[in-house]
1. Can you work out the FRET efficiency for the pair R177 and E107, with r the C-beta to C-beta distance and R0 = 51 Å, to the nearest 0.05?
2. For I166 and I187 in one chain, what is 0.36 nm times their gap in residues minus the Cα-Cα distance, to one decimal in nm?
3. Considering only DSSP states other than H, G, I, E and B, which chymotrypsin sites (Phe, Trp or Tyr not before Pro) in the range 1-107 qualify as loop sites with at most 11 other Cβ atoms within 10 Å?
4. Can you spot the lysines whose alpha carbon is less than 18 Å from K126's alpha carbon? Ignore those fewer than 8 places along the same chain.
5. Could you calculate the FRET efficiency of Q225 with R84 from 1/(1 + (r/R0)^6), where r is the beta carbon distance between them and R0 is 22 Å, rounded to 0.05?
6. What FRET efficiency do you get for L199 and I1 if R0 is 22 Å and r is their Cβ-Cβ distance, rounded to the nearest 0.05?
7. For the range 174-270, what does the accessible surface come to per residue with a 1.4 Å probe? Please give it in Å².
8. Ignoring ligands, DNA and RNA, how do M206, M252 rank by accessible area with a 1.4 Å probe, largest first?
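The values are calculated or read from the model by the stated rules, or taken from the named source; none is laboratory data. Small disclaimer: the values here were computed from a predicted structure and weren't measured. In this analysis, Cβ positions are derived from the backbone assuming ideal geometry, glycine residues included, and neighbour counts consider all displayed protein chains. All accessible areas refer to the heavy atoms of the entire protein, side chains included, with ligands and DNA or RNA removed. Shrake-Rupley method; radii C 1.70, N 1.55, O 1.52, S 1.80 Å.
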Amino acid sequence: IYLDLCKLLNQLAVVRHHIDLTQQILANIRARHQQGTVLKTDITRYELEVQRLQLEQTRLEDAVRIANHQLVTTLHLPAHTLVRPQQTEAAQPLQPLDHWQQLAAHEHIGLRQAQVQAQQSNTQVKLERAAQRPSVALVAQNRLAGPYVGDLIPTNANVNAWFVGIGVRYSLSNLWRKPHAIRQAKIRAQQRTEEVALLRENLDQMVQADYVNVQTAQVEVATCQQQVTLANEHCDVIAHRYEQGLALLTDMLDASQQKLSAETDLVNAQILLTYLYYKLKYTTGTL
């Protein structure tokens, strides 16, 4: 919804700009009509063009209100909030592919979870192997015994006794139970390791695809900017030729339509670039 709102607002700005330009041309044509240098049909054609642009402006304004209301409702903002997009990072130079792949390797939550599970599986293998071994305990004790007073005549029996010993405990069931448990733990650890490798491979492919799509979108934006420049130059040339009587009014209308189409294509290309850039950030886990 946010990108749709960006697109609609940019298109609305383009249409409003063309309405202003068309009204200026219309005022110039009316002045020339009073001088008797243009026909009434020329005025009618530009009046129709202004009405068409105004209708397009109304349609865009309604679409902006709908998108703004949907976004405000989704974000639980006050009902009369007007959302105005800010400048995005998509217009900045794109970092190299290795940079994004390293970000994905360190920041992607799915990959990090799979790596933690693989580490836990390897730790479980070590625990199972440790449980198979005998348990050895070192025991040390120092005991001082006093006089024996259980008889009628107490006996002097002061004794200081100490000893050191080693205890070994081993369960015979480990001979047939633990090898099976160790094999299962190894299988699970191998599966987890393969899952991490597969996820990393798929993640690299997705990052590479998103990166190439962003580069393609940047080329498209640059191409559309050149088309807008050429359309403006062409429109200026046709307007100058029309003032000198060397071009028809239909030529001016065609040039205006080409300029409007080029600027609209540029807006759409810029929004697509923004979407693909944030998709790349989402894939790498940095959004």
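1. Values: r = 42 Å, r/R0 = 0.82.
Efficiency, rounded to the nearest 0.05: 0.75.
2. Taking I166 through I187 to full extension adds about 4.0 nm, to one decimal.
3. Values: sites: Y2, Y46, W100; in loops: none.
Passing sites in the range 1-107 do not exist.
4. Partners within reach: K178, K186.
5. Working: r = 23 Å, r/R0 = 1.05.
Calculated transfer efficiency: 0.45.
6. On the way: r = 30 Å, r/R0 = 1.38.
Using R0 = 22 Å, I get an efficiency of 0.15.
7. Values: 5880 Å² over 97 residues.
Accessible area per residue, the range 174-270: 61 Å².
8. Values: M206 95, M252 15 Å².
Largest accessible area first, the residues go M206, M252.
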